[in-house]
Amino acid sequence: MVKIPGGWFNIGSKNGSPDETPVHRVWLNSFWMDRFEVIQEQFKKFQLPDPSHFKNPKHPLEQMNWTDAALYCNERSLAEDLEPCYDEETWECNFQANGYRLPTEAEWEYACRAGTTTKFSFGNDMRRLKDYAWFAENSSGKTHPVGQKKPNPWGLYDMHGNVSEWCNDFYSEKYYEDSPEKNPKGPAEAKERAIRGGAWNSSADSCRSAYRASDPSIDDTCLASDAIGFRCVRAIPLRENSNAPSNKPAGEDMAKENTNQKVSKTGFVYDDIYLAHKTTVGHPETPQRLVAIVERLKTTGLYSRLFTLSPKPAPSKWLTMVHTPEYVRRVRRSCEEGTEYLDSIDVPISPESYEVALTAVGGVLCAIDAVMEKKVTNAFCAVRPPGHHALKDMAKGFCIFNNIAIGARYIQKKHNLSKILIVDWDVHHGNGTQAEFYDDPSVLYFSVHQYPFYPGTGSEAEKGSGKGLNYNINVPLPAGSGDADYVRVFKEKLEPAALAFSPDFVLISAGFDAHKDDLLGGMKVTAEGFAKLTQTVKEIAEKCCEGRIVSILEGGYGLDGLAASVEAHIQVLMR
Ligand SMILES: [Zn+2]
C-alpha cells in the first residue's frame, strides 16, 4: 500500500459536470491506499467466488457489486488480525476500525490528484492519457493486468482507467454544496454509491481526476457492471494525525520523493513511529540513532535517491512464526500496563513499544515485498528496536521481536523461496537468530563478532545441530580487530560457504557497533570497512539471487560513526 500523507486540497472541478461543483477546500487525515486495483487472485484467496467477466488472476476484479467489495474488505482485515470496518447487516462503515475499507470520494480524488490541480494527475493533455490508463481508445474492449501503465506522482496505478472504483460514499449530485471541510464521508443515505476513475470502456473525459459517477449498490452480481472494481484504504492511527491540520499544500514532499523513486533501486524503510519506543535515560539504544541516520542521508543528498518504503505493523501471524503467541501477548500487555522492562533491565519499554516493535518487523516485511515485486533490487531498514538477540519467548539485549528471523520465515512462507543466507556483522553475536535456525538447513547463519563478549554465545564450536549441522557459522574475533580482519573473514569464510549454499535471498543483520568510535563495541572497523563488507555480500547476492538483499539495522551506538557507516553501506547497495 502507499502511505498517503494528510493534507488540504481542492475537490471538484469548475470545468466539469455540475456535480463536480462547487470546488471547495477539504482536509483529509493520512491513510494507506492500495497501489493497485484489487485483482482476481487476491479475491480468490478468501474463497470468495470471483464474479469477473474478463477472467485472469492478474486483472482487476469487476462485475463487483458494492456489498461484495465491502465483504472483501472485512475478510482481508480478519486475515491480518485487523478490526473489520463493515457491519455485515447494515453495511455501515466504522471509520475508527483499523481494518480495510473502501475510500471516500474525497480520499479517492485526493490520492488520484497526488498534489496536482490539473484535469489528470499528469496534466491537462488528453493525448497522454494512453500512457496512464486503459480506456475506450486503447483497451480493445477489455480489462488488462494492473500496473502496466505509468503510475501517478504518488505511485498509484490505474487511477484513470482499467476499471472504475467503488467508493464508500453514497452518491448525491449536490453533495459538494454542503459537505463538511474535514474528512467528508458522503451523504447519510442515497439510492446509489459513488464510483471514481475511468474504466476500459470510458471516454477520455470520464477518466478525469474530478469525474464523478454512481451505480445502484445492488447485491445481485448478474446485474453488476464489468467495468467496476475497487481498491482498499486503511486508516493510519490517529496519533500520527494529531498535529495534522495545517495549510501546507497537499502532499508536496511526498510527490517530490516519489518522482525520484523511479531511478533508484535501493529501498529505504523508515517511519517516525520508530522514535516512539522510549528507553531509559542514558541507555545507548535511543531514538536519536535513527534521527542521526536520516539527517545524514538528507544532508548528503542520498535520501532523495532512495525508494522510500512505508512500513505498517506486522500481522501477528508472522510474529508467531518465530515467537510464541504467549510471548507476543505478554509484550503487548506489558506495554499497555506501563511496565518498565521486558525480562531484564536491558530492554526498557514505553507504552508505544509494542506497536513500534510490530512496525519494525513490518518494515522488514515491506522491504522484502518490495524486493520480491522488483520495485527495488535491495533495501535498508532503518528500524528500532533491533532484533537479533530476541528469543522465542524472551526479550534480550535491547531486542523485543527478532526482526530478521521473522523476515527469513516470511520469505520462505509468503514468497516460497527456500534458502536464506543471514549475514550478521553486528559486534555482538546474534544468539536469537542462531537459536531459531540452529537445526534448520534452509537458513545459513553467518556471524562475525567480538568474542568473548555479550551475550556469551557464538563460539566456533556452535555449528548447528541435526540437519542444520554446518549451517551455523560463527567467526569469533578478539577485541581490537579492524577492517583488514573483517575483510579477510568475509573473503575466506563467508564467500566460499555462501556460494556453496547458493541462497535465494540474503538478509543482513547490519549492526554498526563494530565501528571504531562505538560506545559499546571494542572493534576498530571504519565506515569504509563496512562498505567493503557490503560489497562482498552484494557480490554473493548478485551471483546467487539476482542481487536480492534486505539489510536490517541492529546495533550501532556512536551517532556519528553509525550515520557514516550507514551512509557508506547504502552507497554500496545503490551502486
Ligand atoms: Zn550489537
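The values are calculated or read from the model by the stated rules, or taken from the named source; none is laboratory data. A quick note: this is a predicted structure, and the numbers were derived from the prediction, not measured. Glycine gets a Cβ as well: all are built from the backbone with ideal geometry, and neighbour counts include every protein chain shown. With ligands, DNA and RNA removed, areas are computed over all heavy atoms of the protein, side chains included. Shrake-Rupley method; radii C 1.70, N 1.55, O 1.52, S 1.80 Å.
Amide H contacts of G229 (H built 1.01 Å from N, in plane; Pro and chain starts excluded): S164, E165, W166 sit under 5 Å, all sequence-distant by 5 or more or on other chains. Legend: distances between Cα atoms for K45/K375; K149/K265; K414/K538; K3/K58; K463/K516; pairs beyond 26 Å are K463/K516.
Annotation: peptides 475-487, 180-192, ranked by per-residue average of other Cβ atoms within 10 Å with the highest first, follow the order 475-487, 180-192.
A Förster radius of 45 Å, combined with the Cβ-Cβ distance separating E192 from K413, puts the computed FRET efficiency at roughly 0.60.
Can you list the equivalent-ellipsoid semi-axes of segment 449-554, largest first and in whole Å, using the square root of 5 times each Cα gyration tensor eigenvalue? Can you show the working numbers first?
Details: eigenvalues 100, 69, 28 Å².
Three semi-axes, in Å: 22, 19, 12.
Take the Cα of E492, step 7 Å toward its Cβ, do the same at H53, and the gap between the two points is 7.0 nm. Computed extension length for M321-K374: 16.6 nm, one decimal, from 0.36 nm per residue of separation with the Cα-Cα distance subtracted. Here the accessible area of the chain is 51 percent carbon and sulfur, with a 1.4 angstrom probe and all protein chains present.
Pull out the extension gain between T300 and S140, defined as 0.36 nm times the separation in residues minus the alpha carbon to alpha carbon distance; nm, one decimal.
So the chain would gain 52.8 nm between T300 and S140.
Extension gain for K174 to S465 (0.36 nm times residue separation, less C-alpha to C-alpha distance): 97.7 nm.
Distant-in-sequence amide contacts of I4, defined by a placed amide H-H separation under 5 Å and a gap of 5 or more residues or a different chain, comprise F31, W32, M33. Based on C-alpha pairs under 8 angstrom that are at least 6 apart in sequence, the chain has a relative contact order of 12 percent.
Report the far tail of the P(r) of the chain, meaning the percent of Cα-Cα pairs longer than 36 Å. The partial results should precede the final answer.
Numbers: 62181 of 165025 pairs.
Within the chain, distances greater than 36 Å cover 38 percent of Cα pairs.
The 1.4 Å probe gives accessible areas that order K467, K317, K524, largest first, as K467, K524, K317.
So, for the chain, what is the accessible surface per residue at a probe of 1.4 Å, expressed in square angstrom? All intermediate terms of the calculation are to be shown ahead of the outcome.
Values: 22200 Å² over 575 residues.
Here the residues of the chain average 39 Å² of exposed surface.
Given C-alpha coordinates of segment 1-138, what is the ratio Rg to Rh with the Kirkwood estimate of Rh? Could you put the intermediate results ahead of the total?
On the way: Rg = 16.8 Å, Rh = 17.1 Å.
Result for segment 1-138 is an Rg/Rh of 0.99.
What does the highest-first list of 536-543, 307-314, 355-362 look like by mean Cβ count within 10 Å?
Ranking, from highest mean packing down: 355-362, 307-314, 536-543.
Each listed q (0.23 Å⁻¹) maps to a log10 I(q)/I(0) for segment 382-449 from the Debye sum over equal C-alpha point scatterers, namely -1.01. Here segment 508-547 yields Rg over Rh of 1.10, to two decimals, using C-alpha coordinates and the Kirkwood radius.
Between K278 and D560, what FRET efficiency comes out of the Förster formula 1/(1 + (r/R0)^6) with R0 = 22 Å and r the beta carbon distance, rounded to 0.05? Let's see the in-between values first.
Numbers: r = 22 Å, r/R0 = 1.02.
The calculated FRET efficiency here is 0.50.
If you average the sequence gap of Cα pairs under 8 Å that are 6 or more apart and divide by the length of segment 58-114, what percent do you get for the contact order? Rounded, it is 28 percent for segment 58-114.
In this structure the amide hydrogen of V347, modeled in the peptide plane, comes within under 5 Å of the amide hydrogens of L342, F398, none closer than 5 places in sequence on its chain. Kindly identify segment 262-374 as rounded, prolate or oblate by the Cα gyration tensor criterion: order the square roots of the eigenvalues as a ≥ b ≥ c, call it rounded if a/c is under 1.5, otherwise compare a/b with b/c, prolate if a/b is larger, else oblate. Verdict is oblate for segment 262-374.
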